[in-house]
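Right, one structure below, let's go through it.
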Amino acid sequence: MVTRSPLSVRLSVRRLLTALLLCGALLAGTTACGSDSDSASATKATSSASATTKAEKQKFAKTRFAANAGLAAGATYQWIVKPYRAGKFKAGADGRRFALIKAGLAGAFTYNRLKAATRNAEGDPTLSKAVGPLSAGIASLKGLSTKLRKGEGLGDVTSSFDDVINNVKDAGRSAGAEVTNKVPSASQLSSGS
């Protein structure tokens with residue numbers, strides 16, 4: 001006969017009880033979900049609800065547009081336009097490399113948020129008409145963040161970002177969605193959202 005220590009026995013009993021409780025909770029959870037007739041009616045309701053367009057599903061389109069465009073505008077001003085005007089991107093400037101890296105991240109973040117703002121604008125007909133012509137300008141920003149990081153054509157790149165942001169702000173204002181600069185946090189900037 002093998003003798004086990006009291007501690008070993010208590011641990012075995014705890015593991016057994018934990019396993020039984022988990023199995024019971026899973027069993028109770030699956031039986032409480034409902035019958036087949038409930039799932040069939042839920043499927044019918046889902047399929048009839050999916051007949052609406054993506055734009056109709058989006059709520060608060062103007063608010064979401066203003067928030068995303070505001071974050072893009074804040075990032076552009078804080079980490080691209082302001083440092084450029086202050087001379088941080090010039091060769092030999094203190095903190096140039098770090099400023100260029102932040103500008104590159106801000107450029108990618110701005111592009112990401114402007115694409116999201118464009119998708120948000122699709123939920124409001126007036127806003128969609130105002131923002132529609134800006135799609136080409138927003139798409140032109142895609143590769144510019146790389147140029148910022150490398151320090152290439154800084155004047156042109158900075159003015160491109162500034163022009164697109166100002167056009168988006170004007171389009172939002174004309175459609176009743178005022179865009180104000182909101183500087184994103186460093187974690188938002190690095191995650192891209």
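Before moving on, here are some points about what is shown:
- Listed pairs K90/K182; K82/K129; K102/K142; K115/K147; K102/K129 exceeding 22 Å between Cα atoms: K90/K182; K82/K129; K102/K129
- Sequence of I138, I101 from largest to smallest accessible area, 1.4 Å probe: I101, I138
- Counting only protein chain heavy atoms and rolling a 1.4 Å probe, the accessible areas of S145, S185 rank, largest first, as S185, S145.
- Gyration tensor verdict on region 92-193 (Cα atoms; rounded if a/c is under 1.5, prolate if a/b is larger than b/c, oblate otherwise): prolate
- A 1.4 Å probe run over the protein chains yields, for region 73-193, 50 Å² of accessible area per residue, whole-number rounding.
- Within the accessible area of region 47-184 (1.4 Å probe), percent carbon and sulfur: 52
- Reach of K59 by Cα under 16 Å, taken over aspartates and glutamates that are not fewer than 8 positions away in the same chain: E122, D124
The values are calculated or read from the model by the stated rules, or taken from the named source; none is laboratory data. Just so it is clear, the structure is predicted and the values come from calculations on it, not from any experiment. To get the accessible areas, we keep the full protein, side chains included, count just its heavy atoms, and leave off ligands, DNA and RNA. Shrake-Rupley method; radii C 1.70, N 1.55, O 1.52, S 1.80 Å.
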